[in-house]
Amino acid sequence: MSHRPARTTVQPSRRALRSAVALGAVAALTLTACAGPSVGVGSSDDPSADATDVDWSQVEPASEITFWSNHPGQSREVEQAIIAEFEHETGISVDLVTAGANYDEVAQRFQAAAQTSELPDVVIASDVWWFRYFLNGQIMPLDGVLEHLDAQAEDFQPALYADYEYDDQHWAVPYARSTPLFYYNRDLWDAAGLPDRGPETWDELADWDEKLRAEVPQDGSTFGLSTGPSWGAWWFENMIWGQGGAYSDGFDLTLDTPESIAGGEFLGDLFGESGIATLSADDAMVDFSSGLIASTIGSTGSLTGALEAASFEVGTAYLPDGPAGGGTPTGGTGVAIPSSRSPEQQLAAAMFVQFLTDTERTATFSESTGYVPVRTSAVESETMQKIYESTPQFRTAVDQLAEKARPQDDARVFIPGADALLNEALEMIILEGQDPATAFETITPRIETAYSENVEPYL
Amino acid sequence: MLGARRRRRALWWALLLAGPNLLLLVTFTYRPLLESLYLSTLQWNLGSPDARFVGLGNYAEWFTAPTTGRIVTTTLVFTVATVGGALVLGLALALLLDRKVAGRSVARTVAFAPYVLSGFAVGILWLFIFDPRYGLLQEVLGWVGVASPQWYSDRPWPLVMVIVVYLWKNLGYVALIYLAGLQAVPQDLRDAAALDGAGRVRTLRSIVLPLLTPTTFFLLVTMLLASMQTFDIIKAMTQGGPLGSTTTLMYAIYEESFVNGRAGYASAVATVLFITLLAVTAVQMRYVQRKVHYV
């Protein structure tokens, strides 16, 4: 018979428990607490005032700056190489900080750091985030300083540079920019006896469905896609535009027009009755690379990865049109400069931004990632011409941009949280087979609230 | 006289010794708490230098928002399933580990290991396991002729998935605490029960479980607090989706604050969570603890 001590460690006292409880509960509240705003002002001060008043010729650039990036398209090494060149050329050192794994994380960190001194000098500003930075007065207009540096802003691809324009000023410059592309499995296409090109219209893809389905594995499909924030509502723009609809006209939501609802119905049919498309569990590009689905839509930024991962010939094409045409949204990210930094730092930052997006660096960056060259001169550069010759898939994005690009609907890119809500409506249609009119109706008041609370008072 | 002076001196000593900790507590715990309460009365875009005072407007919105019911239900299901599941399975695991078998200490270490892993890493890893097309789980289910559910997309499977992963991660902790509790049950009581002819089940029910009530109570309180504040696994696995089906109160706070930028509203939701936790724990302290038996 053994005797153990009657009480050991795990008999916590009531008082100890109480303290533990208090501490634990308090932790729930501390999540949202950070530096506070000033209260009582309806709209923010004009952030452009400071930057436009600066006489840049009187400013000496700072010797050290910080760049917050998520290294889009696994570009950390390229970014570092570009920085090394910049440091060598100018003597200004750049601290490259991984400020998040994606655009959203960088943006969240940047917003949380507002009103602190822990701010970068150059920051990633994606298509759905830069306007929020602008609304909060966190970034400066770049026109003046770029002109002073003779950065040739007019050489940026017009469709891409115009994306950052508001109040007749540009608040960022294009950096890692992309469009969605139609990716197809050329081997399967060949086996199905189809021409080596993407479908010109969604109807054509439907016509090809029977032949393609005979070639894919049993649980595969002709076309596949995944949904998700910062993604679903992006590619769906092509489909809703294809039916003549749009998310919004300016800031006025147009989700209840017959054309927009037709867009929703098209989506429902694509994943539902017609059986042409299946929803990929996580990343459709994985299903595509494994041969499970014969085609998909992916960002241009995924091109290099797709070419490496697939064991078959990958084809790229424009996004298919609908009865009312279609077009492609542009996306990806630009770079912006915070408004609260000193003019010295802003000037150094602008010099870096200029260097990062000059013709040569643009070509280098595009070559290693697949992102669209943001400068017209870079598209025509020798580097890019060589790439287009050896890997013609790279060319599709550039041509599509020139021929089919259309600015994104304001509701998606300018209203905080609207992108996630739009994606929610798409999931209601795809996952639950909900009636598109009802799905759009459900999210409309929530987007309107977001606009009236988070955008309107600040304009 | 002397007594009073000595007392005063003792008080100074106490303050001096506790001071640094108190200071940290006030600065990093209570100050943010009060600030958050203040923020909950504002309509404020995260990052903006300006805000508008809206009084209790954010609270009114929370209690009338169409998504509130869903968020509360999801939080309830998640909490009950994870706390209940962890207590039952953790106790079972502890009873297993309490036996004198070869390799016992290795088994204990293995059981506890998931608890010290990062929730985010665990979430990502389990995503691979749950993958309905390529995952390990669909393979295993295939052996017994069961088709894998669509873990990522068909409700309620995404919620089931995060609950399973939460349980897996925290089971070791619960088992360890129970194990310590089990070892504190006096052997003579067990022996006496055996002499009186009680079998294993009877001994467990009448001797062991009642004597474990302080441990159970401790676990109930701490697990409830931890479970209601789960963030990492949900963020890594489902981001609150699809269609908000895994959005708990805690995740909603994050989403409103950092995704939608509505820091004032998020602070109001955080305050609601805070008050809920406080209330639940107060009830536990008052009523549940009465049923606790100490040796």
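Worth a mention:
- Checking the stretch B:89-106 against the condition returns no match, with no residue being surrounded by 14 or more Cβ atoms within 10 Å (Cβ to Cβ), outside any helix (DSSP H, G or I) and either of a type in the set (Ser, Thr, Tyr) or at pLDDT 95 or above (or both).
- Of all residues in the stretch B:230-273 being over 29 Å from residue A:279 (Cα atoms) and in contact with a strand residue (DSSP E or B) (Cβ under 6 Å, 6 or more places away or on another chain), the one that is farthest from the other protein chains (Cβ to nearest Cβ): B:264
One line per residue, one yes/no per condition, for (1) more than 30 Å from residue A:226 (Cβ to Cβ); (2) without any contact (Cβ under 8 Å) to a residue 40 or more places away in the chain; (3) of a type outside the set (Ser, Thr, Tyr); (4) assigned by TED's automatic domain parsing to the domain that holds residue B:95:
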position	(1), (2), (3), (4)
B:195	yes, yes, yes, yes
B:206	yes, yes, no, yes
B:213	yes, no, no, yes
B:220	yes, no, yes, yes
B:243	no, no, yes, yes
B:254	no, yes, no, yes
B:262	no, no, yes, yes
B:270	yes, no, yes, yes
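- Residue in the stretch B:162-176 that is more than 13 Å from every other protein chain (Cβ to nearest Cβ), farther than 29 Å from residue B:269 by Cα and not aliphatic (A, V, I, L, M) present: yes
- Test result for residue B:267, surrounded by fewer than 19 Cβ atoms within 10 Å (Cβ to Cβ) and in a helix (DSSP H, G or I): no
- Residue A:301 satisfies every condition listed in (1) buried (at least 17 other Cβ atoms within 10 Å of the Cβ); (2) modelled with pLDDT of 90 or more; (3) more than 13 Å from residue A:426 (Cβ to Cβ) except (2).
- Some residue of the stretch B:15-22 being within 14 Å of chain A (Cβ to nearest Cβ), exposed (fewer than 15 other Cβ atoms within 10 Å of the Cβ), more than 30 Å from residue A:134 (Cβ to Cβ) and small (Gly, Ala, Ser): yes
- Top-ranked residue in the stretch A:154-210 [being surrounded by 23 or more Cβ atoms within 10 Å (Cβ to Cβ) and of a type in the set (Ser, Thr, Tyr); ranked as farthest from residue A:353 (Cα to Cα)]: A:184
- Among the residues making up the stretch B:185-229, those that are within 13 Å of chain A (Cβ to nearest Cβ) and of a type in the set (S, T, N, Q) are B:187, B:213, B:215, B:216, B:222, B:227, B:229.
- Where residue A:219 falls short, out of the listed (1) surrounded by fewer than 18 Cβ atoms within 10 Å (Cβ to Cβ); (2) of a type in the set (D, E, K, R); (3) not in a loop (DSSP other than H, G, I, E, B): (3)
- Among the candidates A:403, A:441, residue that is under 30 Å from residue A:370 (Cα atoms) and assigned to a helix (DSSP H, G or I): A:403
The values are calculated or read from the model by the stated rules, or taken from the named source; none is laboratory data. Everything numeric here is computed off the predicted structure, so don't read it as measured data. We place every Cβ from the backbone using ideal geometry, glycine too, and count neighbours over all the protein chains shown.
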